[in-house]
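The values are calculated or read from the model by the stated rules, or taken from the named source; none is laboratory data. Remember, it's a predicted structure, so these values are computed and weren't measured experimentally. Here the Cβ positions follow ideal geometry from the backbone for every residue, glycine too, while neighbour counts run over all protein chains shown. Keep in mind that these areas ignore ligands, DNA and RNA; they rest on the heavy atoms of the full protein, side chains included. Shrake-Rupley method; radii C 1.70, N 1.55, O 1.52, S 1.80 Å.
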Amino acid sequence: MIRRLVALVALLCLAAPLLADEPPALAEEVAAGRLPPLSQRLPRTPRVVDVERPGWTVGRYGGDLHMLMAKDRDIRMMVVYGYTRLVGYDEQLRLRPDILERVDDDANRVFTLHLRRGHKWSDGQPFTAEDFRYFWEDVANNKDLSPFGLPRALLVDRHGPRFEVLDATTVRYSWDSPNPQFLAALAGANPLFIYRPAHYLKQFHARYVGLAKANAIATAAGSRNWAGYHQKLDEQFRFDNPALPTLEPWINTTPLPTTRFVLVRNPYFHRVDREGRQLPYIDRVIINVTDDKLIPARTGAGSVDLQMRYLRFDNYTFLKQAEARNRYHVYLWEKAIGSQVALYPNQNVDDPVWRKLMRDARFRRALSLGIDRHEINEVVYFGLGEESANTVLPRSELFRPQFRKAYASFDLTAANGLLDALGLTQRNDDGLRLLPDGRPMEIIVDTAGESTEETDVLELVRDSWRKLGIALFPRPSQREVFRKRVFSGKAMMSVWSGLSNAIPTPEMSPSELAPTTQEQLEWPMWGQYYELLGNGGEKPTPPDVQKLVQLYDEWRQARTDDERERVWLAMLAIHADQVYTIGTVTRALQPVVVRDDLRNVPKEGVMSWDPGAYFGMYHVDTFWFDRPEVAKVSKP
Amino acid sequence: MNIQRDLLIPAEAKAEAATLEETQALDPGHFVSTEPFDPGSAAQLPPGQERFYLASQWTLMWWKFKRHRLAVASAIVLLAMYSSTLVTEFLAPYNLHTRHTDFIYAAPQRVHLFHDGRFVGPFVYPQTKSLDMTTLRRVYTPDRSDPRPLRFFCSGDAYRFWGLVPMSFHVVCPPRNGTLFLLGTDRLGRDMLSRILSGARISLTIGLLGIALSFTLGLVIGGLAGYYGGWVDMTVQRMIEIIRSFPELPLWMALSAILPVTWSPVLIYFGITGILALLDWTGLARAVRSKLLALREEDYTTAARLMGAKPSRIISRHLLPGFMSHLIASATLSIPGMILGETALSFLGIGLRPPITSWGVLLNEAQNVNVVALYPWLMLPVLPVIIVILAFNFFGDGLRDAADPYR
Amino acid sequence: MLPYIAKRVLMMIPTLFAISIIVFTIIQLPPGNYLESYIAELEAQGESVDRQKVEFLREYYGLDKPLPEQYLRWAGGMLHGDFGYSFEFNMPVTKVVGDRMLLTMIVSFVTILFTWAIAFPIGIYSATHQYSWGDYGLTFLGFLGIAIPNFMLALVMMYVANVFFGTTIGGLMDPEFIGKPWTWDKVKSVLEHSWIPVIVIGASGTAGMIRRLRANLLDELSKQYVVTARAKGLPPRKVLRKYPLRMALNFFISDIGSLLPHIISGAEITAVVLSLPTTGPMLLNALKSQDMYLAGSFLMFLAFLIVVGVLISDLALVALDPRIRLSGGVAR
């Protein structure tokens, strides 16, 4: 034992000059020759990460980062936090090339992607244009692996791109019409993957090993056929195949199912800090899976180094109390959604009387004016949120104060006046207004039944709407039943969170603001019409909604940022005026727990899925532990 | 010759004696009364014993039950709880849904009697709210200089008595412009005492309804199996065995997950009751079956059958009364299981859900670390659950002990 | 006795068959299927789902086939150890479940032992010292054990254990032993963490058993032969030991039939609250997300465990109790 240690130290001393920049966790492997030295592991031009944030410093290697998740499936969060993308958003929400060295974007129609020479997968094999070609020819255009065609983000007017390999590190995608969503899709939290580890997957592909052999391998492993097996192994986002090579900063070494994931550093990661040291600083990430209700308790007991998911605002007091005892800090980040809880009147509801009302802007405005947002803010968010309509957040350049204030005050007189003007003046004995056909105005709001926050807000809204003469009945459901009811028109109103991208820049897609998909709760059928290119759903009739569709198409064809900004502002203005969705309170706070000696985690940040990938845009690979023992050699 | 007659008292000699006196002279130790024969006299009992021997089965049961003090106390407690569900609105200081935005997560207020040494009557100190912005916590400080007496038999929150009659009578109300949170408030500022009282309605009645359902099921199915025997019996036995092989809670979970969530709360309530009852009748059916199998062979059953009585009459009129008391005792002992079952299901989130309020729903809202660490009064609904279950167990025990008074 | 065993084992088969049909029906009843819940959940978390992937999976998993065919595939698979495929984890159920069934059995077994160890002396004491303060006190404690809902107990105990004893919250062992082979340290860690679950789960079972044991023993003690023995002058302890105790033992074995389902279902909900790596939390999740094969297999496993447990207890009873052996049937 002692002899081994001495030998090791001797080896290290001899190799010291070569190991000067090696992460200590890998030093032994490099010295023993099992890993090539750093210069051969990095691409010729690695990406230099230099974050422009006050308090950000270059760090030291070492340490294990502990986190808690609630399901096995959450391992995919490491792909989100790792945020290694062809192009990615930085903290200022600008798109920057990450894996790619350079992107040439010609009018959003022709994208030439330049890879980094010498970039390697986590198992040491080269990452080249071949990996893109494999995806294009052997996966996306393979009838067995993609029976339903190309991914939607690659389609423009149902046409796919023209794909060319220009050389070993350059590929090109060309469309006839602009595809402004292409880069954003590549930078998403759950991104469009247009490359695959070809060298690994080829051994399971019928074209390369023959149909019989591929099927034999697949059935021996328990799958139905080679296509199913290939699909199962090829889950870059699910991150559940430890053998699948990856480009992320940490590699998952634990197969499912498990209650503890161990991720180790990727020796071929392509990023370095400004002193040339290869990232990530942290050696390992340990994720423990436990029941989601226990996560706040365990966090408060000091078992984590970094935690954001599964912590709720009302856990703050508890977490704060245990701060000093358990050596961590609780920060409050801002949740980047348009509204914490928003109501969605369904303009495609079955019932004709309600449909007429839901499509009348005056009705929606009245409902919005009848909500006491101040009370909701006080009761549910401790007064720390911001009362607002469902619109973008102030930190977005597209924000205008009038969007926030539109019909978002609590004005019962005005609301009652609007309802009277609509002719809803008859009331029954209970004081409820009557619909034109004599029924009392009882709005049934469908909820997915999971969030006490929604239940609480609905309770408060119910009381204030009563003063308008409208009764509110929540109808808790299960998620898929909830969605079905909305899509089929049975639900007249539903409740969900607000705009999912509330910090957009003009380059980001305003698809949420126009009826573009069936998933939109306020106009599922109009959205479906657009999604299926007219082969389903209903064509939107109100002129303002048609204008939205038109503006969206304008955005897609736009060539300059000014044009895009103009479109965005126009769409946001229409939304503010028409009150398609009713927002309540926004800018709610999200507790983030950070170990005392974990550096480079911003004290103030934004919790946003897309853009941002939660921690992704804050560069988790640059977080480091400021501990004395970390400076010594640590075993992987 | 005389000596012979003295020593032996042949019957003939007695018979020869013409009068009572002569008989007595013959046998001075033998007393014969001249009174006419009274059949009741032989069995003359002191009044206490007479009552005992002539008492009916139910009276005997009642006496035996009374001896079990704990059971009687439990019965009284249960009676109180169930009758409180009839007049919940009177007893609760607030309405079920009344919110107090300014008193969220308020701790329970204490009722004092003496202020500054003087007797003032039951009163509370008002609370003022302040926000602690470092821990984001609401802090309530009582103002000890201002005693506010409680009002009794007063007019408070309006409600509809049994959904029909608008009233506002309460037994106890908060002081004017004051608050009375005897058990604290929850995250929306709702009074916990009122919520617990309202929850009693749902939780307690689910047990009763469920037991009624499973009792009927058990009786009918067990009765058929026990009486007819043969393949009916075999099928029922197999069925019982299968159902008993299931772990209770997982099966309840599975069945609850099936209830369509679009059902109205009332339907879900009945659905849950049905589910709970569905698994519970087996115990009862078994008991009925085994008792019937035994009693079936009794002579009086045969007699009744020979006299032409229909099976239903035989079962109901002759067999059942023999063990009805056992059945009732068993049924009573199953109620706690049902109440716990509903509480467990609602706690897991697959039973009743808000806006229905039951104790299980209240406990579900208390199921996080915040509550245990910071607002422990939200766990108080567990107390009535414990009390009811204890009471039912003692009560059922007493019934069971009393059920066979002839032992 | 052999024909009796054979008969019992044979009777198990139609029982299990009927159970499997019931389980399958239950799993299929909720509206929607796994894929829809999967999509819905992802979208609720703000993640987008590739429509084509979904269609592909739907076809691959045979969710569009008629129900009887799905049942036959499932049941047939179970017969040779293939419990089907878990959609959630994208792998065979047997691999997903892994250690969990083993841990469930361990926890249940330890709880039963705990229950016996506690109930036995207390039950005997209660029966022999009827109506004493000790009897009342212990009976009351027993009732309390039944009355306190085990999930609340679990929650509070877990928090208390963490604050006062520093035990890690949730789980059956310290995190570093997860997935590692069994060493003494791991066993120690498991035992350290098990006392809360065992107490919580065992509480109500113990109380019930105490009461039943007490009632049974009281019955025995009032029988003629005990009176005779006492009259003969046997010391009280010997009186107790010679016959009534054996009857009590019989009772223990036969009571497994009612104890086992109770413990297993109590274990499920406690496991959910305490987040133990047993079948409980996984079952609840599977039911909520309608991962059909997984949930169904769990239910089948639990039912199978109970059936086998009852069978073993019946057989043990037959071995112990000559009356049953001679009369050729079970009187339970």
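Counting only helices (runs of 4 or more DSSP H) that fall entirely inside region C:74-191 and contain at least 2 residues that are at pLDDT below 75, the qualifying elements are C:93-97, C:150-165. In region B:244-257, the residues that are touching a residue at least 40 places away in the same chain (Cβ under 8 Å) form Cβ pairs under 6 Å with partners that are among the polar types (S, T, N, Q) and surrounded by 24 or more Cβ atoms within 10 Å (Cβ to Cβ), at six or more places apart or across chains, as follows: B:Glu248/C:Ser265; B:Leu249/C:Ser265.
Looking for something open to solvent by less than 10 Å² (accessible area, probe 1.4 Å), within 11 Å of another protein chain (Cβ to nearest Cβ) and not hydroxyl-bearing (Ser, Thr, Tyr) - is there at least one such residue anywhere in region B:258-274?
Let us first name the residues in region B:258-274 that are open to solvent by less than 10 Å² (accessible area, probe 1.4 Å), namely B:272-273.
Restricting the remaining residues to those that are within 11 Å of another protein chain (Cβ to nearest Cβ) gives none.
Scanning region B:258-274 turns up no residue that is open to solvent by less than 10 Å² (accessible area, probe 1.4 Å), within 11 Å of another protein chain (Cβ to nearest Cβ) and not hydroxyl-bearing (Ser, Thr, Tyr).
From the residues in region C:290-322 that are of a type in the set (Gly, Ala, Ser) and more than 10 Å from chain B (Cβ to nearest Cβ), which one is nearest to C:Pro3 (Cα to Cα)?
In the first step, residues of region C:290-322 are kept if they are of a type in the set (Gly, Ala, Ser); the result is C:295-297, C:303, C:309, C:313, C:316, C:319.
Those left that are additionally more than 10 Å from chain B (Cβ to nearest Cβ): C:297, C:313, C:316, C:319.
Numbers: C:Ser297: 31, C:Ser313: 17, C:Ala316: 15, C:Ala319: 14 Å.
That would be C:Ala319.
Results for (1) within 30 Å of A:Asp106 (Cβ to Cβ); (2) surrounded by fewer than 18 Cβ atoms within 10 Å (Cβ to Cβ); (3) in contact (Cβ under 8 Å) with a residue 40 or more places away in the chain; (4) in the same structural domain as A:Leu306 (by TED's automatic domain parsing), shown as yes or no for each residue.
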residue: A:Tyr530; (1), (2), (3), (4): yes, no, no, no
residue: A:Asn535; (1), (2), (3), (4): no, yes, no, no
residue: A:Glu538; (1), (2), (3), (4): no, yes, yes, no
residue: A:Tyr552; (1), (2), (3), (4): yes, no, yes, no
residue: A:Arg559; (1), (2), (3), (4): yes, yes, yes, no
residue: A:Trp568; (1), (2), (3), (4): yes, no, yes, no
residue: A:Met571; (1), (2), (3), (4): yes, no, yes, no
residue: A:Thr581; (1), (2), (3), (4): no, no, yes, no
residue: A:Pro602; (1), (2), (3), (4): no, no, yes, yes
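Only one entry of B:Ser214, B:Ser203 meets the criterion of being polar (S, T, N, Q), within 29 Å of the chain's Cα centre (by Cα) and under 30 Å from B:Leu319 (Cβ atoms), and that entry is B:Ser214.
Tallying residues that are more than 17 Å from A:Thr299 (Cβ to Cβ), assigned to a strand (DSSP E or B) and within 19 Å of the chain's Cα centre (by Cα) within region A:592-626 yields 1. Of all the criteria given as (1) within 12 Å of another protein chain (Cβ to nearest Cβ); (2) open to solvent by less than 30 Å² (accessible area, probe 1.4 Å); (3) touching a residue at least 60 places away in the same chain (Cβ under 8 Å), the one not satisfied by B:Val372 is (3). Find the residue count for region A:457-485, including only residues that are assigned to a helix (DSSP H, G or I), more than 11 Å from every other protein chain (Cβ to nearest Cβ) and either within 18 Å of A:Asn346 (Cβ to Cβ) or in contact with a helix residue (DSSP H, G or I) (Cβ under 6 Å, 6 or more places away or on another chain) (or both). Residues flagged as assigned to a helix (DSSP H, G or I), more than 11 Å from every other protein chain (Cβ to nearest Cβ) and either within 18 Å of A:Asn346 (Cβ to Cβ) or in contact with a helix residue (DSSP H, G or I) (Cβ under 6 Å, 6 or more places away or on another chain) (or both) within region A:457-485 amount to 2.
Only one of these is closer than 26 Å to B:Glu248 by Cα, open to solvent by less than 30 Å² (accessible area, probe 1.4 Å), touching a Leu at 6+ places or on another chain (Cβ under 7 Å) and within 14 Å of chain A (Cβ to nearest Cβ): B:Gly360, B:Gly396, B:Gly341, B:Gly351. Name it.
Values: B:Gly360 fails: within 14 Å of chain A (Cβ to nearest Cβ); B:Gly396 fails: within 14 Å of chain A (Cβ to nearest Cβ); B:Gly341 fails: within 14 Å of chain A (Cβ to nearest Cβ).
When all the criteria are applied, what remains is B:Gly351.
Name the residue that is modelled with the highest pLDDT, counting only residues in region A:143-157 that are farther than 14 Å from A:Phe182 by Cα and surrounded by fewer than 16 Cβ atoms within 10 Å (Cβ to Cβ). Only one residue tops the list, namely A:Lys143.
Could you tell me how many of the residues in region B:149-207 are of a type in the set (S, T, N, Q), more than 17 Å from B:Ile356 (Cβ to Cβ) and open to solvent by 10 Å² or more (accessible area, probe 1.4 Å)? Can you show your working first?
Initially, region B:149-207 is screened for residues of a type in the set (S, T, N, Q), giving B:155, B:168, B:177, B:179, B:185, B:194, B:198, B:203, B:205.
Next, only the ones that are more than 17 Å from B:Ile356 (Cβ to Cβ) stay: B:155, B:168, B:177, B:179, B:185.
Those left that are additionally open to solvent by 10 Å² or more (accessible area, probe 1.4 Å): B:155, B:168, B:177, B:179.
Going through region B:149-207 one residue at a time, the tally reaches 4.
Got a number for residues in region A:299-331 being within 7 Å of another protein chain (Cβ to nearest Cβ), over 20 Å from A:Ala588 (Cα atoms) and either open to solvent by less than 20 Å² (accessible area, probe 1.4 Å) or among the hydrophobic types (A, V, I, L, M, F, W, C) (or both)? Selection size over region A:299-331: 2. Applying the criterion of being under 42 Å from the mean Cα position of the chain (by Cα) and loosely packed, with under 14 Cβ neighbours inside 10 Å to the residues of region A:403-451, the residue that is nearest to the other protein chains (Cβ to nearest Cβ) is A:Glu442. If the condition is being in contact (Cβ under 8 Å) with a residue 24 or more places away in the chain, of a type in the set (A, V, I, L, M, F, W, C) and part of a loop (DSSP other than H, G, I, E, B), then region B:86-132 contributes B:Ala92, B:Leu96, B:Ile104, B:Ala106, B:Ala107, B:Val111. Inspection of region C:245-254 finds no residue satisfying the criterion of being free of Cβ contacts under 8 Å to residues at least 40 places away in the same chain, of a type in the set (Phe, Trp, Tyr) and in contact with an Asp or Glu (Cβ under 8 Å, 6 or more places away or on another chain).
Please tell me if A:Thr516 is more than 12 Å from chain C (Cβ to nearest Cβ), open to solvent by 30 Å² or more (accessible area, probe 1.4 Å) and on the phi < 0 side of the Ramachandran plot. Break it down into steps so the answer makes sense when it comes.
Values: more than 12 Å from chain C (Cβ to nearest Cβ): yes; open to solvent by 30 Å² or more (accessible area, probe 1.4 Å): no; on the phi < 0 side of the Ramachandran plot: yes.
Considered against the rule, which asks whether it is more than 12 Å from chain C (Cβ to nearest Cβ), open to solvent by 30 Å² or more (accessible area, probe 1.4 Å) and on the phi < 0 side of the Ramachandran plot, A:Thr516 comes out as no.
Looking only at region A:228-240, residues that are within 12 Å of chain C (Cβ to nearest Cβ), under 16 Å from A:Ile194 (Cβ atoms) and either surrounded by 21 or more Cβ atoms within 10 Å (Cβ to Cβ) or touching a residue at least 40 places away in the same chain (Cβ under 8 Å) (or both) come to 2 in all. Go over the candidates A:Ala243, A:Ala221 one by one and state the one that is modelled with pLDDT of 90 or more and either on the phi > 0 side of the Ramachandran plot or surrounded by fewer than 18 Cβ atoms within 10 Å (Cβ to Cβ) (or both). Exactly one residue qualifies, and that residue is A:Ala243. Within region A:224-251, the set of residues being over 15 Å from A:Tyr200 (Cβ atoms) and either touching a Phe, Trp or Tyr at 6+ places or on another chain (Cβ under 6 Å) or in a helix (DSSP H, G or I) (or both) comprises A:Ala227, A:Gly228, A:Pro249.
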